[in-house]
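Structure first, commentary second.
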Amino acid sequence: MSTLREQFNNQGYVLLRGFLDKDIVNGIYREAREIFNAQIKRVTGKSVDIDDRDAFENAMFEFFEKDFNAFVNTGKTVQHTFSLHRLGLDPQIEGLLKEVGLSNPIIGARAAMQFNSRFLSKDGSKHWKLDAHQDWRTGQGSLDSAVIWFPMVDAGADIGALQVIPGSHKTGLRESSTSGYQGGITSSLQDTDFVQTEFQVGDILIFSAFLIHQSGNNITNNIRWSVQLRYNNLDEPTFIERGYPMAYIYKPETELVTPDFPSVDQLKEVFS
């Protein structure tokens with residue numbers, strides 16, 4: 001029986017069943033919905049049960065349509081929960097990374113949460129469904145950099161779980177329309193080359209940042225809630241030689257997001 005490292009090196013990915021504690025995954029999922037729910041109530045005036053999936057997600061769609069800017073900001077806010085980042089630093093995750101070959105792993109980018117649905121898109125935009133791409137383009141870290149992806153809901157083909165091309169991590173960095181998230185591989189790929197993955201809550205996919213993959217097509221009326229974690233290997237020779245490049249750029253806004261805020265009285269009230 002092949003080791004995880006052999007599977008990772010040969011296929012470019014490994015799908016691990018029941019790897020994560022479901023309670024931990026559900027906790028991250030719940031915290032994100034609670035954050036969204038606070039803004040849903042403010043914007044729509046509705047009090048929604050976050051455990052009523054259809055009712056809550058319909059309220060998400062309404063929130064999206066009524067206050068897009070607040071929706072985007074809330075989407076950014078859920079990326080910063082303690083529960084999400086705590087998982088990304090878990091010793092179990094570190095052990096898995098070392099098992100597939102990252103001898104000295106380090107975070108490659110902030111933990112990311114996605115919530116994909118055609119009802120959460122503007123003007124026919126396809127940002128909710130990424131075309132075939134390689135994650136290395138947006139990170140440009142170690143050659144053995146790895147990505148961990150998992151849904152927070154059961155996910156198969158109908159809700160758009162990832163589709164991968166086994167072994168494609170060894171075929172080089174493909175030409176792409178851009179290095180950004182919207183960019184897709186420009187060379188022709190065959191639909192029959194892709195393998196559809198399927199998940200139960202607790203399953204995870206760990207794959208090479210060079211693996212060609214794409215979003216499946218979420219044909220349901222529900223949201224595909226998922227998490228992505230990225231890592232580099234500090235021991236990888238070319239990563240050292242290139243001076244540990246960091247392609248991700250995080251920077252503050254140059255202007256105040258809320259003009260003329262805060263007032264002195266507001267600060268006095270906070271610190272009274």
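The values are calculated or read from the model by the stated rules, or taken from the named source; none is laboratory data. A quick note: this is a predicted structure, and the numbers were derived from the prediction, not measured. All Cβ positions, even for glycine, are placed from backbone atoms using ideal geometry, and neighbour counts span all protein chains on display.
Suppose we keep only residues that are more than 22 Å from L229 (Cβ to Cβ) and exposed (fewer than 12 other Cβ atoms within 10 Å of the Cβ) within segment 1-37. Which one would you say is modelled with the highest pLDDT? The extreme case among them is S2. For segment 27-46, the tally of residues that are over 18 Å from L84 (Cα atoms) and hydrophobic (A, V, I, L, M, F, W, C) stands at 3. Taken over segment 163-178, the criterion of being in contact with a strand residue (DSSP E or B) (Cβ under 9 Å, 6 or more places away or on another chain) and modelled with pLDDT under 95 is satisfied by R174, E175, S176, S177. In segment 134-150, the residues that are under 12 Å from Y231 (Cα atoms) and touching a residue at least 60 places away in the same chain (Cβ under 8 Å) reach residues that are in a helix (DSSP H, G or I) and polar (S, T, N, Q) with C-beta atoms within less than 6 angstrom, at least six apart or across chains, in these pairs: L143/T238.
Look at S263 and say whether it is crowded, with 19+ Cβ neighbours inside 10 Å and hydroxyl-bearing (S, T, Y). Against the criterion (crowded, with 19+ Cβ neighbours inside 10 Å and hydroxyl-bearing (S, T, Y)), S263 does not qualify.
The residues on offer are S145, S117, S103, S168, and the sole one that is on the phi < 0 side of the Ramachandran plot, surrounded by fewer than 20 Cβ atoms within 10 Å (Cβ to Cβ) and hydroxyl-bearing (S, T, Y) is S103. Residue under question is Y181, and the condition is that it be under 16 Å from the mean Cα position of the chain (by Cα) and at pLDDT below 95; does it hold? Spelling it out, Y181 is indeed under 16 Å from the mean Cα position of the chain (by Cα) and at pLDDT below 95. Taken as a whole, segment 152-162 holds no residue that is at pLDDT 95 or above and part of a helix (DSSP H, G or I). Within the group F19, F64, which residue is closer than 30 Å to T171 by Cα and of a type in the set (F, W, Y)? The conditions single out F19. Examine segment 41-59 for a residue that is aromatic (F, W, Y), closer than 21 Å to M113 by Cβ and loosely packed, with under 15 Cβ neighbours inside 10 Å, and state whether such a residue exists. Looking through segment 41-59, none of the residues is aromatic (F, W, Y), closer than 21 Å to M113 by Cβ and loosely packed, with under 15 Cβ neighbours inside 10 Å.
Restricting segment 93-111 to residues that are in contact (Cβ under 8 Å) with a residue 12 or more places away in the chain and in a helix (DSSP H, G or I), the residue that is nearest to V25 (Cα to Cα) is I93.
Within segment 13-35, the set of residues being over 16 Å from the mean Cα position of the chain (by Cα), aromatic (F, W, Y) and farther than 11 Å from Q200 by Cα comprises just one member, Y13.
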